[in-house]
Amino acid sequence: MSSAASATLAGICNIEDLSRGPLDQGGFLGNKRVFIRVDFNVPIDKKTGKIRDDARIREVLPTIRYAVEAGAKVILASHFGRPKGQRVDSMSLEPCGARLAELTGWEVHVPEDCVGDAPKKVIHDLRTASPGGQVRGAPQVCLLENLRFHAEEEKNDDAFARQLAELCDVYVNDAFGAAHRAHASVQALPKLVRDRGIGFLMRKELEALGRLVEGPDKPYVAVLGGAKVSDKIAVCEALIARCTTLCIGGAMANTFLAAQGKDMRKSLVEQDKLPLARTLLEKARDAGVEILLPVDVVVGESTESTSGKTVSVDAVPEGTMALDIGPRTVEAIAKRLQKSKTVFWNGPMGMFESAPFAEGTLQIARVMSKVSGFTVVGGGDSAAAVAQAGEEVQKGFKHISTGGGASLEFVEGKKLPGVEALRQGVL
Ligand code: ADP
Ligand code: MG
């Protein structure tokens with residue numbers, strides 16, 4: 001464990017600790033019903049209903065495999081989409097079960113409901129590997145149907161959590177992306193299960209992000225972008241308290257530039273956030289934190305524009321909007337990054353989904369991937385942008401968080417309900 005993340009992980013068991021229990025020889029997990037909260041909320045192609053990207057399934061395989069090979073009866077549980085408390089066939093976890101089966105060669109059983117007799121029967125009948133991984137036939141695992149088919153999941157309902165608790169002996173959370181939600185399978189349930197802990201993915205996330213909040217090596221350069229200042233106020237404040245330089249790009253930067261009196265023309269500016277932007281700039285000045293705003297931007301006539309033009313932020317032409325940062329800004333950010341020891345990036349530098357406005361974001365991704373310090377990316381769109389920059393760039397990062405909202409809340413210094421519910425004996 002990195003010592004920097006010690007407070008984050010204090011009192012939290014790893015799945016390996018759970019398997020070193022009283023029945024050590026065969027492994028404590030052998031024949032135990034192990035509930036693993038996973039995040040199978042994968043992106044789906046709206047037209048075909050097919051899984052567009054199965055990274056979320058592949059990321060938790062080490063944990064699932066560990067439990068299967070330890071001879072556990074594995075029960076996987078996840079939410080998927082927003083079915084609002086009723087059964088919606090298009091939001092069934094069946095396709096994820098099929099993909100898991102394809103990836104592993106296991107039999108994946110998906111009972112029609114996540115609580116009650118249907119899952120109980122499936123779990124009772126599961127064929128397990130003998131501890132040590134020998135398998136008599138393909139291993140079988142149970143994937144519970146979408147937790148959000150019950151409104152009680154999002155209400156963190158105790159009775160619902162008790163029904164889930166009836167299904168298992170051990171609880172493991174490996175769904176970092178859902179850890180900021182106080183939902184029944186994330187918060188109420190683990191409190192009802194004595195033997196509880198985290199999987200390998202969750203541990204990786206907490207160790208990496210823990211280094212950003214517990215004494216990060218300096219210089220610490222944060223790069224913030226994305227659509228709105230209002231989404232990122234808390235993280236902005238938290239970063240001002242910790243980092244050396246805060247670079248701001250994306251639509252968010254427009255509001256800061258407008259707050260400094262620049263005419264951003266048709267750019268996305270949150271007029272009601274101008275005073276807040278000024279306050280944040282003052283706070284940074286008082287804290288001795290450098291704020292780096294764009295000096296040039298790539299403008300287009302609308303978000304539909306098929307080409308862009310680079311201009312100074314002092315000369316945004318009438319009838320245009322800033323949709324990316326320009327090369328001089330990329331250069332200025334790159335200079336800070338090259339000297340940094342810790343980097344956190346959230347939020348694309350422009351409307352990267354559209355080719356003429358993607359270059360700023362892609363350049364920042366390329367530069368960051370070559371930084372030798374500790375580089376972390378959080379945020380759904382930000383991670384997608386890094387993926388768009390290619391595998392080489394992706395591999396250059398020390399950590400790419402699988403949790404959008406969860407990684408932001410963590411970096412803000414908030415306690416995540418799904419993590420706190422697992423802590424034993426320490427306060
Ligand atoms: P993340 O998911 O990484 O936290 P956000 O959701 O905050 O990031 O922001 C991503 C969105 O911001 C993208 O859809 C991108 O197109 C948009 N965006 C970034 N810069 C601009 C800009 N200058 N104008 C309009 N949209 C922008
Ligand atoms: Mg987003």
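The values are calculated or read from the model by the stated rules, or taken from the named source; none is laboratory data. Note that the structure is predicted; figures quoted are calculated from it, not measured. Every residue, glycine among them, receives a Cβ derived from its backbone with ideal geometry; neighbour counts consider all protein chains shown. With ligands, DNA and RNA removed, areas are computed over all heavy atoms of the protein, side chains included. Shrake-Rupley method; radii C 1.70, N 1.55, O 1.52, S 1.80 Å.
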Point to revise | Rg followed by Dmax, in Å, when the stretch 23-162 is reduced to its Cα trace | key: 15.1, 51
**Study point:** Across LYS155/LYS191; LYS266/LYS309; LYS228/LYS414; LYS266/LYS335; LYS228/LYS341, pairs whose alpha-carbon gap is larger than 22 Å
**Key:** LYS266/LYS335; LYS228/LYS341
Exercise for review: Whenever you get a sec, line up SER130, SER372 from highest to lowest accessible area (probe 1.4 Å, protein heavy atoms).
Suggested key: SER372, SER130
Practice item. Using only the Cα atoms of the stretch 174-275, build the gyration tensor, take square roots of its eigenvalues as a ≥ b ≥ c, and label the shape rounded, prolate or oblate: rounded if a/c is under 1.5, else prolate if a/b is larger than b/c, else oblate. Key: prolate
Practice item. Sorted from largest down, give the three principal axis spans of the alpha carbons of the stretch 153-230, whole angstrom values. Key: 49, 29, 16
Practice item. Would you kindly calculate the translational diffusion coefficient of the stretch 58-117, applying Stokes-Einstein with the Kirkwood radius from alpha carbon pairs, for 10 °C and a viscosity of 1.306 mPa s, and quote it in µm² s⁻¹ without decimals? Key: 123 µm²/s
**Study point:** Translational diffusion coefficient (Stokes-Einstein; Kirkwood radius from C-alpha pairs) of the stretch 370-427 at 10 °C, 1.306 mPa s, in µm²/s
**Key:** 122 µm²/s
**Study point:** Those lysines that a straight Cα-Cα span of less than 17 Å connects to LYS73, excepting residues fewer than 8 apart in one chain
**Key:** LYS32, LYS120, LYS121
**Study point:** Label point at SER230 placed 7 Å out along Cα→Cβ; residues across the stretch 352-391 whose backbone nitrogen lies under 20 Å
**Key:** 380-381
Practice item. Apply the Kirkwood formula to the stretch 316-427: the hydrodynamic radius equals the inverse of the mean of 1/r over all pairs of different alpha-carbon atoms; give it in Å with one decimal. Key: 15.4 Å
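Counting only helical runs of four or more DSSP H residues, what would the 222 nm mean residue ellipticity of the chain come to if each run contributes -39,500 (n - 2.57) and the total is spread over all its residues?
Computed mean residue ellipticity for the chain: -10000 deg cm²/dmol.
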Study note, to complete from the structure: Heavy-atom accessible area per residue of the stretch 285-335, all protein chains kept, 1.4 Å probe, expressed in Å², is 51 Å²
Review point. If one takes the longest principal axis of the Cα atoms in the chain, at what angle in degrees, from 0 to 90 and to the nearest 10, does the Cα axis of helix 200-213 lie?
Key: 30 degrees
Check your understanding: Leaving out ligands, DNA and RNA but keeping every protein chain, what accessible area does VAL376 have, in Å² rounded to the nearest 10, with a 1.4 Å probe?
Key -> 0 Å²
Exercise for review: For LEU93, list long-range residues whose amide hydrogen, built 1.01 Å from N in the peptide plane, is under 5 Å from its own amide hydrogen.
Suggested key: ASN146
Review point. Which whole-Hz couplings ³J(HN,Hα) result when phi for each residue of the stretch 66-81 is put into the Karplus expression 6.51 cos²θ - 1.76 cosθ + 1.60, θ = phi - 60°, listed in order with x for Gly and Pro?
Key: 4, 5, 4, 5, 7, x, 7, 8, 8, 10, 9, 9, 8, 9, 7, x
Review point. Percent of accessible area on the stretch 1-123 owned by carbon and sulfur, 1.4 Å probe?
Key: 48 percent
Check your understanding: How fast does the chain diffuse by Stokes-Einstein, in µm²/s, taking the Kirkwood radius from C-alpha pairs at 4 °C and 1.567 mPa s?
Key -> 57 µm²/s
Check your understanding: For helix 250-259, what angle does its Cα long axis make with the longest principal axis of the chain, in degrees from 0 to 90 and rounded to 10?
Key -> 40 degrees
Exercise for review: Amide H neighbours of ASP195 under 5 Å, at least 5 residues apart or on other chains, H built in the peptide plane: list them.
Suggested key: TYR171
Revision key, fill the gap. For the stretch 335-427, the percent of accessible surface on carbon and sulfur atoms (probe 1.4 angstrom, ligands and nucleic acids excluded) is 52 percent
Revision key, fill the gap. Rounded to the angstrom and largest first, Cα extents along the principal axes for the stretch 252-396 equal 42, 40, 25
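Order the following by accessible area, largest value first: ARG37, ARG87. Probe radius 1.4 Å; ligands, DNA and RNA are ignored.
Working: ARG37 5, ARG87 120 Å².
Correct descending sequence by accessible area is ARG87, ARG37.
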**Study point:** Accessible area per residue in Å² at 1.4 Å probe, computed on the stretch 59-127
**Key:** 46 Å²
Revision key, fill the gap. Gyration tensor on Cα atoms of the stretch 286-364, a ≥ b ≥ c root eigenvalues, a/c under 1.5 rounded, else prolate if a/b beats b/c, else oblate, says prolate
Exercise for review: List the residues whose amide H sits under 5 Å from the amide H of ILE291, counting only those 5 or more places along or on another chain, with H placed 1.01 Å from N in the peptide plane.
Suggested key: LEU246
